[in-house]
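For reference, the structure discussed in these notes is given below.
The values are calculated or read from the model by the stated rules, or taken from the named source; none is laboratory data. This structure is a prediction, so every number in the text was calculated from the model and none was measured. Cβ sites come from the backbone with ideal geometry, for glycine too, and all protein chains shown count toward neighbours. Note: accessible area is taken over every heavy atom of the protein model, side chains too, but ligands, DNA and RNA are not part of it. Shrake-Rupley method; radii C 1.70, N 1.55, O 1.52, S 1.80 Å.
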Amino acid sequence: QVQLVESGGGLVQAGGSLRLSCAASGTIFNVNHMAWYRQAPGKQRDLVAIITDGGTTNYADSVKGRFTISRGNAKNTVYLQMNSLKPDDTAVYHCNARLISTTLWGKGTLVTVSS
């Protein structure tokens with residue numbers, strides 16, 4: 001079964017930047033959209049950014065102007081460029097792919113922003 005694998009998380013100071021990557025372990029077809037979600041300790045998992053197969057993007061209000069989602073040339077990859085990071089951005093970031101027949105999730109990568 002195809003899996004999503006995230007990378008790029010880590011510890012960064014407030015105001016810094018990180019770039020998260022997500023790659024599928026195999027070819028995936030009929031992708032409706034790919035997205036990044038995050039889950040802070042004790043909180044629900046929330047949508048951060050989404051990109052459709054046609055390239056349309058949308059962002060949570062809390063990250064607009066700071067985060068950018070993009071697809072790789074190989075359409076089974078997606079990135080999240082995160083700038084001007086804040087302590088409130090601390091969370092486990094999960095990659096998501098919505099296919100026609102199913103939804104895939106990655107296990108997540110931890111982002112910690114220190115003040």
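What the table below lists for this structure:
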{"item": "The range 1-62 - percent of accessible surface contributed by carbon and sulfur, probe 1.4 Å", "result": "46 percent"}
{"item": "Candidates per trypsin sites (Lys or Arg not before Pro) in the range 51-97, loop by DSSP, up to 12 other Cβ within 10 Å", "result": "LYS64"}
{"item": "Å² per residue, accessible surface of the chain at 1.4 Å", "result": "55 Å²"}
{"item": "Protection-proxy order for peptides 14-24, 42-52, each taking the mean of Cβ atoms within 10 Å per residue, highest first", "result": "14-24, 42-52"}
{"item": "Extension gain from ASP88 to ALA60, taking 0.36 nm per residue of separation minus the Cα-Cα distance", "result": "8.7 nm"}
{"item": "Dipole magnitude of the chain, debye to nearest 20 (Cβ charges: Lys/Arg +1, Asp/Glu -1, about Cα centre)", "result": "40 debye"}
{"item": "Rounded accessible area of THR90 (nearest 10 Å², 1.4 Å probe)", "result": "40 Å²"}
{"item": "Estimated D of the range 1-85 in µm² per second, where Rh is the Kirkwood radius over Cα pairs and Stokes-Einstein applies at 25 °C, 0.890 mPa s", "result": "180 µm²/s"}
